[in-house]
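Everything below concerns the one structure shown next.
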Amino acid sequence: MADPNFPGWHGTTIIGVKKGGQVVIAGDGQVSLGQTVIKGTARKVRRLSPGGHDVVAGFAGSTADAFTLLERLEAKLEATPGQLQRASVELAKDWRTDKYLQKLEAMLIVSDGAHIYVITGAGDVLEPEHDVTAIGSGGNYALAAARALMDSDLSAEDIARRAMAIAADICVYTNGNLTVETIGG
């Protein structure tokens, strides 16, 4: 259980947008401790290539926990090449049942270019209904902005960038220093 006196790490907004045969995952670069910005250039979106199959992942939450989960996901992808859904479900099962992994505090958005999934420590592997999803402290702001832009002529990347800019204007734990990865199309 988290110490209620510890100010806690805050800050991240990660968005995944699927449109026009492409998936874009974008994340801001801010890491905060309480009310202090510790770093503004963190890289919370990564490209994984296990077995030659590209997967893009973005994370919100504890960095060390997220890296542990990314390593586990990569191992699952190596065991099931080209099967992101299966690897994601296997990771979620392990995360929910393993005593060590249960303590990890992070969430992931992952994509292989065809699908987007949100993976949580509650055992969830969620595929968004409207081809857009977001996590982190500014996730709801970015999600609402992106959903409003999905019917426009904008590309997946333009939607992600605009939604992230709106989230950064609203959420004090989100900045405009983006890492953007595109997959598919």
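A few comments on the model shown:
- Mean projection area, nm², convex hull over Cα of the chain: 9.9
- Estimated [θ] at 222 nm from DSSP helical runs (n ≥ 4, -39500 (n - 2.57)) normalised by residues in the chain, nearest 500: -10000 deg cm²/dmol
- Volume per residue that the Cα convex hull of segment 52-130 spans, once the total is divided by residue count, Å³: 83
- Stokes-Einstein, applied to the Kirkwood radius of segment 127-185 over Cα pairs at a viscosity of 1.567 mPa s and 4 °C, places its translational diffusion at 111 µm² s⁻¹.
- Within-14-Å neighbourhood charge of G185 [Cβ basis; K, R +1; D, E -1]: -4
- You can think of it this way: the chain between D98 and V172 has 23.2 nm of extra reach, that is 0.36 nm per residue less the Cα-Cα gap.
- Bridging of K18 to lysines at a Cα separation below 28 Å is possible for K44, K76, K93, once same-chain residues fewer than 8 apart are set aside.
- The protection proxy used here, the mean number of other Cβ atoms lying within 10 Å of each residue, ranks peptides 55-64, 89-98, 121-130 as follows, highest first: 55-64, 89-98, 121-130.
- Ranked for footprinting exposure by Cβ neighbours inside 10 Å, fewest first, M150, M164 give M150, M164.
- Highest average first, the peptides 27-39, 167-179 ordered by how many other beta carbon atoms sit within 10 Å of their residues are 167-179, 27-39.
- Highest to lowest packing among 71-79, 43-51, scored as the average C-beta count within 10 Å: 71-79, 43-51
Throughout, read-outs are computed from the coordinates displayed, never taken from laboratory work. If you're wondering where the values come from, they're calculated on a predicted model, not measured in any experiment. No Cβ is skipped: glycine too gets one built from the backbone with ideal geometry, and neighbour counts run over all protein chains shown.
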